[in-house]
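This report refers to the structure that appears directly beneath it.
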Amino acid sequence: MTDHRLPYEGPIGVFDSGYGGLTILRDIRRRLPQYDYIYLGDNARAPYGPRSFDVVYRFTLEAVRYLFAQGCPLVILACNTASAKALRTIQQQDLPEIDPERRVLGVIRPTVECLADISTGGNIGVLGTYGTVRSGSYDMEIAKLHPSFTTTSQACPMWVPLVENHEADSPGADYFVEKYIDALFSRRADIDTILLACTHFPLLYDKIRSHTPQAVRVVCQGEIVADSLADYLTRHPEMESRCHKGGTCRYLTTENPESFSSLASIFLDSPVEVNHIDL
């Protein structure tokens, strides 16, 4: 077994099953531009949502090990499915063996933590993929941190394909946005806060907002995760000192680099240079 223990400085790793995590990376880099980053998208095996807990855990662990081998002292799972189905096992079972000085963080807990400051009535709507909704991770985390809150979750299976097929701004997208939001409110009419629990969904924000009652807050994860990471690094100077500061970012994919670069331009401000890797 490869020993990934490495006391030196390295980049912050950001992992996603595909492209959506680029919205998280974008906001992290805006908030913390001084650090080096590696983004890894496991596009060859995406989507993770329909896969079992065991498969998502195995794939995510492979990616985490790869990023550790690249020198990352800290890895962010910028993927709701990986955070829901793999994070806890990796943190509790694998990190002590691989290297107890390294850290893997997810996107669910920091997102849920902020709800107390956002929600006016404690009635939360969660919009996500089938995998995230079926896992019940947001329901459980909200119940744990905010026991007086209610949670209503709705899967939106057509939204990711709309984004990845460049249809997020098309008139046809309105039908599917309205369909799932109406389904959510038909189950509970007094929802006051909607959480976008998929990293693709911010690209549909304007349409989601237009089909949601004005008094309802719509929460994207990117800025929340970025602020949470900034706070984490402030509270853990021993980790902060290991995160190399050069302002660079490398992009890796398990799929075709040209295809990744083309689709990445949907999520970022410009195309990026990408390298292929095998896990």
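The values are calculated or read from the model by the stated rules, or taken from the named source; none is laboratory data. Bear in mind that the values here come from a model prediction, so they are computed numbers and not experimental data. Virtual Cβ from ideal backbone geometry, glycine too; neighbours counted across all protein chains shown. Note: accessible area is taken over every heavy atom of the protein model, side chains too, but ligands, DNA and RNA are not part of it. Shrake-Rupley method; radii C 1.70, N 1.55, O 1.52, S 1.80 Å.
Quick rundown of the values:
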read-out	value
With Cα atoms, 0 to 90° folded angle of helix 53-69 axis to the chain main axis	40 degrees
Packing rank of 196-209, 89-102, 11-24, where each peptide gets the mean count of other beta carbons within 10 Å, highest leading	11-24, 196-209, 89-102
Stretchable slack from residue 116 to residue 92, in nm (0.36 nm times residue separation minus alpha-carbon distance)	5.9 nm
Residue-normalised accessible area of the chain, given per residue in Å² at a 1.4 Å probe	43 Å²
Candidate lysines - alpha carbon under 24 Å from residue 179, same-chain residues fewer than 8 apart omitted	207
The stretch 1-115: C-alpha gyration tensor shape, a/c 1.5 cut-off, then a/b vs b/c	rounded
Efficiency of FRET between residue 175 and residue 55 - r from beta-carbon atoms, R0 45 angstrom, step 0.05	0.90
Rounded to 10°, Cα long-axis angle of helix 222-235 versus longest principal axis of the chain	40 degrees
Length-normalised contact order for the stretch 40-165 - Cα pairs under 8 Å, 6+ apart - percent	23 percent
Shape of the stretch 137-279, Cα gyration tensor, a/c cut at 1.5	oblate
